[in-house]
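The values are calculated or read from the model by the stated rules, or taken from the named source; none is laboratory data. Bear in mind that the values here come from a model prediction, so they are computed numbers and not experimental data. Here the Cβ positions follow ideal geometry from the backbone for every residue, glycine too, while neighbour counts run over all protein chains shown. Side chains included, ligands, DNA and RNA excluded: accessible areas come from the protein's heavy atoms. Shrake-Rupley method; radii C 1.70, N 1.55, O 1.52, S 1.80 Å.
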Amino acid sequence: MKDKLPKDWKWSLIGNHCKTTSGGTPNRGISSFWNGNIAWLKSGELNDGLITSNSEFISQDGLKNSSAKIFPKGTLLLALYGATAGRLGYLNFESATNQAVCAIFPNENELIKEYIFHYLKLKRGQIINDSFGGAQPNISQTYIRNFSIPLPPFPEQQAIVQVLEATFDKIDQAISLVEKNIQKIQELNESVLDEVFEYSTFEKVILKNVVINTPQINPKLKPKDKFTYIDISAIDNSIQKITNPNSFIGKNAPSRAKKQIQKGDILFSTTRPKNKNIAKVEEDYENPIATTGFSVLRASEIIDKNYLFHFVTSDNIQAQIEPFIRGAQYPAISDKNILETKIPFPNITEQKKIAKYLDDITEKNSRLIKHYQNKLHSLQDLKKSVLDSAFKGKLKHEVAEIENSTVLDSLFPDLDAYSEVANLQQAIIVLKTKQTFGSGRGKVYLQKTSANIQKVEDVDIPYEFNMSHHGDFSWKLSEDLDKNPYLIKISTEYGDVFEIRKEKKKEVSEAIKSDKYSKFANAVKEMLAVYKDDLIEGVTDRVELLNTVMRAMKETNSIIGNTIYKFMGDWKISQNGYNTKADKFNPHETFAMIGLVRRLGWDKKLIE
């Protein structure tokens, strides 16, 4: 039954207001049809957002001799069948597609493509359910054209899209922050495990010598007996726990339900092992049986089961099994590959001490991850709720903007505070630099200084820096600098520089003295003291060289000059006629900067 709509809305069919078409695949047996200059997109490359890249290209001959056609930038696309059925995307470039992709072209002034995008995304579950009927989900263009859509007047569609995208932008910022926190916690877990297992001085033994063989079983031999079935989907690999076991009776047992397990066993997925679907059986399940997709590790009396569990979740074992992973589509290893890895083997008393130390850290971190996952679920539910309201005509532009902001603020009261911290941090760098060197600096300097502080000082800077033609660079910071309420951009003969707005100088000066920002201000002061060195003298290019050397040390895990300079030779740039970092900075100045980093002791913070 269709929802009741506001009086000026109506139900209509997508096909009444849109044209649809699909692509095609040139004959792969004819080489001249491929590797041309026409982008060709597969359904698996749709990403529910802006599509910015693709992996295959076809030629003009391939285009002419197939049903493929070029769709313009901005085209709304929908995957019709296969594992990605129902997935959406907008083209950010001209591209052809395969036949599994439907292009939707709304009639002008009747339907907005973004409105269709959000509605089809809301109804994806229904679309997928309707698509089943064969071996895989399958949607037809006819189905899409006959799909009902609530149709408000065109200006109201525009207002709804504006509200949705503004609201989702804020929700997505919150999601990004939460995911970043989860990633940091996981990285902390990995670094602690590395500390124990990667750099261990204990004698190493082969894993198969410290575990016990486990039996196989056929539950179909007892067709009425109930059992608990644990497959890979039962494991939450973010916290490495069994969270979703299934129940069957013997006659309905899955074909891979063969491995008998018990409390204390460790399950290690041999399919896609890099995903770390690993868990310890922590409960007394009813007749537990695991899939043959697990290697079952049962600790013998000479090894502590918790110590063993922490080892198999470490990157150490990942490095040992990586050479044995086989298969591109379904990468996998064998039980034998796992059992032949080597584990550091202290005495049982030391094992228990190490396991207790790791238990305390990972349990605390698992609780934090679960906390953040709950926040993620709340945000995802909020998105669905907003979409549902929008297409029932209950989301008015002005009201929705206020109401959804309130909802988000109650979920994440620190979002505005997060922006305020980021803005004030940059203002502190600008003010301290002006006080130290007598003038402001531009974006490159602020980017490099922020990245340098983040690398070696114990302070949190809320940006992620990636390698670019200038060194470490954050697009988000670049955008934020232009909007920073504390800063003003001034044009000089040397380029644009930032300085503190007159009316904000007192506020920034007071922030520097406050408990909240004093630690960061001291970190900036210490970095600027380094910038006074004769090798740098506050010059942006010298700051960039320092940043480049630090990044190269971290990436190569080395302090050797030739290794670092070779890395710089491979670092492509397009900057004032220079093609690589090694073109821009000569060996003499690079080695001198390496010496400065080492004198400061920063190499110990950069190299694992």
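Table for the structure above
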| quantity | calculated |
| --- | --- |
| Residues being open to solvent by less than 70 Å² (accessible area, probe 1.4 Å) and touching an Asp or Glu at 6+ places or on another chain (Cβ under 8 Å) - total across the stretch 165-176 | 2 |
| A521 closer than 26 Å to E544 by Cβ, in contact with a helix residue (DSSP H, G or I) (Cβ under 6 Å, 6 or more places away or on another chain) and part of a helix (DSSP H, G or I) | yes |
| Residue selected from the stretch 144-164 under the condition in a strand (DSSP E or B) and among the aliphatic types (A, V, I, L, M), by the criterion least open to solvent (accessible area, probe 1.4 Å) | I149 |
| The lone exception for E510 - which of (1) closer than 24 Å to F465 by Cα; (2) in a helix (DSSP H, G or I); (3) open to solvent by 60 Å² or more (accessible area, probe 1.4 Å) it fails | (1) |
| Matching residues in the stretch 325-346 - criterion: being closer than 18 Å to G293 by Cβ and open to solvent by less than 90 Å² (accessible area, probe 1.4 Å) | I325, G327, P331, A332, I333, S334, D335, N337, I338, L339 |
| So I104, is it open to solvent by less than 30 Å² (accessible area, probe 1.4 Å), modelled with pLDDT of 95 or more, closer than 25 Å to T142 by Cβ and touching a helix residue (DSSP H, G or I) at 6+ places or on another chain (Cβ under 8 Å) | yes |
| Index of the failed condition, L5 passing every other in (1) modelled with pLDDT of 95 or more; (2) open to solvent by less than 50 Å² (accessible area, probe 1.4 Å) | (1) |
| Residue check for S474: surrounded by fewer than 15 Cβ atoms within 10 Å (Cβ to Cβ) and either within 23 Å of the chain's Cα centre (by Cα) or of a type in the set (S, T, Y) (or both) | no |
| Checklist (1) open to solvent by 30 Å² or more (accessible area, probe 1.4 Å); (2) closer than 17 Å to K448 by Cβ applied to D534, failing item | (2) |
| Search result, residues across the stretch 181-215 that are closer than 30 Å to L368 by Cα and either charged (D, E, K, R) or in a loop (DSSP other than H, G, I, E, B) (or both) | K184, E187, E190, D194, E195, E198, Y199, S200 |
| Members of the stretch 28-56 that are exposed (fewer than 15 other Cβ atoms within 10 Å of the Cβ) and either over 19 Å from S95 (Cβ atoms) or among the aromatic types (F, W, Y) (or both) | G29, I30, S31, S32 |
| The stretch 489-508 - residue that is of a type in the set (K, R) and out of contact with any strand residue (DSSP E or B) (no Cβ under 6 Å at 6 or more places or on another chain) and, of those, farthest from R441 (Cα to Cα) | K506 |
| The stretch 231-265 - residue that is out of contact with any Ser or Thr (no Cβ under 9 Å at 6 or more places or on another chain) and under 30 Å from Q373 (Cβ atoms) and, of those, surrounded by the most Cβ atoms within 10 Å (Cβ to Cβ) | I242 |
| Residues being basic (K, R) and farther than 23 Å from A332 by Cα - total across the stretch 258-307 | 2 |
| Sole exception among (1) polar (S, T, N, Q); (2) open to solvent by 10 Å² or more (accessible area, probe 1.4 Å); (3) modelled with pLDDT of 90 or more for S295, by number | (2) |
| Options T271, T228; residue that is surrounded by fewer than 18 Cβ atoms within 10 Å (Cβ to Cβ) and either over 25 Å from the mean Cα position of the chain (by Cα) or among the β-branched types (V, I, T) (or both) | T271 |
| Residues of the stretch 185-217 satisfying the condition of being under 26 Å from G250 (Cα atoms), of a type in the set (S, T, N, Q) and open to solvent by less than 60 Å² (accessible area, probe 1.4 Å) | T214 |
| Of all residues making up the stretch 493-507, the number that are open to solvent by less than 60 Å² (accessible area, probe 1.4 Å) and over 15 Å from K432 (Cβ atoms) | 1 |
| Strands (runs of 3 or more DSSP E) enclosed by the stretch 1-94 - at least 3 residues per element that are of a type outside the set (A, V, I, L, M, F, W, C) | 18-22, 34-41 |
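Per-residue answers, yes or no, for (1) of a type outside the set (S, T, Y); (2) modelled with pLDDT of 90 or more; (3) within 18 Å of Y531 (Cα to Cα); (4) part of a helix (DSSP H, G or I):
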| position | (1), (2), (3), (4) |
| --- | --- |
| V430 | yes, yes, yes, yes |
| L446 | yes, yes, yes, yes |
| A451 | yes, yes, yes, yes |
| D460 | yes, no, no, no |
| Y463 | no, no, no, no |
| M467 | yes, no, no, no |
